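In what follows, a structure is listed as structure tokens, so that the remarks can point back to it.
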Amino acid sequence: MEENKRLEDTQIAAMGARELFLKTLTKMGIKYSSSSAEDFIWFDYQNVDLEAEEDKEDRYITLEYMYPKDLDNAEEAAKMRRIINKVNTKSNVVISCTVKFTYFRRKILFIEEIPNIEDYLRAEMQELIRAYEMVNEELQKELSKDNNTGESDSYDIFSTQTKDLFIKTITEMGCDYEKWENDTKCFESIVFNYQTEKYRATFFEHSRKVLIELHYSLHSVELSDLSGMNQLRKLINQANQEHDASTYYTIDREANKMYAEASHTVPFMAEIPNLLTYLHSILNDLYLVRMDIKCEMETDEIEEQWIMDREAN
């Protein structure tokens, strides 16, 4: 009997985060569907459709709720971002938004050593739902305030103070730039060349911040290349530990590719001393992220091709 228990404990210890997560959902009586090719798991908890994805290397699970919310004008987009900034200070959930959706994400450690893992998972999912409820509550407050006053809070979202200062700075750095039409059309963006790379800057005048991104993805792999996807995820995690930039991946099912991306969202105002040095350091950090990921991925691809060529001969 004791030997069987030790064997069972050994099998559980060998579980990856995904397998352990599915086992826990089953114990909790939660039905799910999944895609083994992409590591996605879809399930319902308290009438909320959630998604989970495994990070194989670090034994983490990312929980996500995707809330459909159209932000088809600048005023609505600015209002949602104000609410998100407010809720982000009160919650451990990462909240972001696009034109069509607001995303609630929570990355959690999920290993067999966690005691009472079912209660642990319930608490984490409840935290995700609580963040959504907080955003929804703030939206209702805004709606009520608009109905009572007949107008929403106003500020000049189309002020160009931040944009003009940024363009002046990159011009002093000898960078060429041109206007770029972003997807939301709520905020102005430009693309510019720095050293050997092209970057994109989007301006948030109300908060005096700039989103700085590499204009092209760091690297991409086919969704059918599971080994390449796992390696890219590993390098993204490593980049987030070694650099200040936020490095992440996106999935484009139409193109059948996974892309690695990197960005900085930073204050940009005249009060910051040595703006040229400040911007140089930000751009150099993004460049180093790109080179780290590019070199590692290309080295692996060259080694893989060398092995294939050797076996063919």
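The values are calculated or read from the model by the stated rules, or taken from the named source; none is laboratory data. Computed from a prediction, not measured in an experiment: that's the story for all the values here. Here the Cβ positions follow ideal geometry from the backbone for every residue, glycine too, while neighbour counts run over all protein chains shown. Surface areas here come from the heavy atoms of the whole protein model, side chains and all, with no ligands, DNA or RNA. Shrake-Rupley method; radii C 1.70, N 1.55, O 1.52, S 1.80 Å.
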Exercise for the section: Kindly list the number of the only condition in (1) under 30 Å from F204 (Cβ atoms); (2) of a type outside the set (G, A, S); (3) in contact with a strand residue (DSSP E or B) (Cβ under 6 Å, 6 or more places away or on another chain) that fails for C97. Expected result: (3)
Handout entry: Residue satisfying condition, being under 24 Å from Q161 (Cα atoms) and at pLDDT below 90, within set E271, E304
Key = E271
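Kindly establish whether E113 is acidic (D, E), over 19 Å from Y32 (Cα atoms) and either in contact with a strand residue (DSSP E or B) (Cβ under 9 Å, 6 or more places away or on another chain) or surrounded by fewer than 16 Cβ atoms within 10 Å (Cβ to Cβ) (or both). Can you show your working first?
Details: acidic (D, E): yes; over 19 Å from Y32 (Cα atoms): yes; either in contact with a strand residue (DSSP E or B) (Cβ under 9 Å, 6 or more places away or on another chain) or surrounded by fewer than 16 Cβ atoms within 10 Å (Cβ to Cβ) (or both): yes.
So E113 passes the test.
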Exercise for the section: Go over the candidates E178, E261, E254 one by one and state the one that is in contact (Cβ under 8 Å) with a residue 24 or more places away in the chain and out of contact with any Pro (no Cβ under 9 Å at 6 or more places or on another chain). Expected result: E261
Handout entry: Qualifying residues in segment 217-231 (those that are touching a helix residue (DSSP H, G or I) at 6+ places or on another chain (Cβ under 9 Å) and in contact (Cβ under 8 Å) with a residue 12 or more places away in the chain) - the one most open to solvent (accessible area, probe 1.4 Å)
Key = E222
Handout entry: Residue match in segment 70-85 (condition: modelled with pLDDT of 85 or more and surrounded by 14 or more Cβ atoms within 10 Å (Cβ to Cβ))
Key = no
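Out of curiosity, is E38 under 20 Å from K234 (Cβ atoms) and modelled with pLDDT under 80? Break it down stepwise before answering.
Values: under 20 Å from K234 (Cβ atoms): yes; modelled with pLDDT under 80: yes.
So E38 passes the test.
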Completion exercise
Apart from one, (1) over 17 Å from the mean Cα position of the chain (by Cα); (2) open to solvent by 10 Å² or more (accessible area, probe 1.4 Å); (3) of a type in the set (V, I, T) all hold for T169; the odd one out is (2)
Fill in the blank from the handout: E181 passes all but one of the listed conditions (1) under 27 Å from L286 (Cα atoms); (2) at pLDDT below 85; (3) surrounded by 12 or more Cβ atoms within 10 Å (Cβ to Cβ); the exception is number (3)
Completion exercise
By residue number, the members of segment 79-104 that are within 27 Å of Y60 (Cβ to Cβ) and in contact with a Ser or Thr (Cβ under 6 Å, 6 or more places away or on another chain) are Y103
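Can you tell me which of D244, D285, D292 is open to solvent by 60 Å² or more (accessible area, probe 1.4 Å) and either over 19 Å from S96 (Cβ atoms) or over 16 Å from the mean Cα position of the chain (by Cα) (or both)?
Working: D244 fails: either over 19 Å from S96 (Cβ atoms) or over 16 Å from the mean Cα position of the chain (by Cα) (or both); D285 fails: open to solvent by 60 Å² or more (accessible area, probe 1.4 Å).
Going through D244, D285, D292 in turn, just one is open to solvent by 60 Å² or more (accessible area, probe 1.4 Å) and either over 19 Å from S96 (Cβ atoms) or over 16 Å from the mean Cα position of the chain (by Cα) (or both): D292.
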Practice task
Determine the pairs where a residue that is over 23 Å from N136 (Cα atoms), located within segment 97-117, has a partner that is loosely packed, with under 14 Cβ neighbours inside 10 Å with Cβ atoms under 8 Å apart, the partner being 6 or more residues away or on another chain.
Solution key: E112/I12; E112/A13
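So that you can scan it fast, the table gives a plain yes or no per residue for (1) of a type in the set (S, T, N, Q); (2) closer than 30 Å to K163 by Cβ; (3) at pLDDT 90 or above:
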{"site": "N237", "(1), (2), (3)": "yes, no, yes"}
{"site": "N240", "(1), (2), (3)": "yes, yes, no"}
{"site": "D244", "(1), (2), (3)": "no, yes, no"}
{"site": "Y248", "(1), (2), (3)": "no, yes, no"}
{"site": "E254", "(1), (2), (3)": "no, no, no"}
Handout entry: Residue under evaluation K90, criteria (1) more than 15 Å from the chain's Cα centre (by Cα); (2) open to solvent by less than 80 Å² (accessible area, probe 1.4 Å), criterion not met
Key = (2)
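If you scan segment 172-181, which residues turn out to be assigned to a helix (DSSP H, G or I) and under 27 Å from the mean Cα position of the chain (by Cα)? Outline the logic, then answer.
Initially, segment 172-181 is screened for residues assigned to a helix (DSSP H, G or I), giving 172.
Selection gives nothing.
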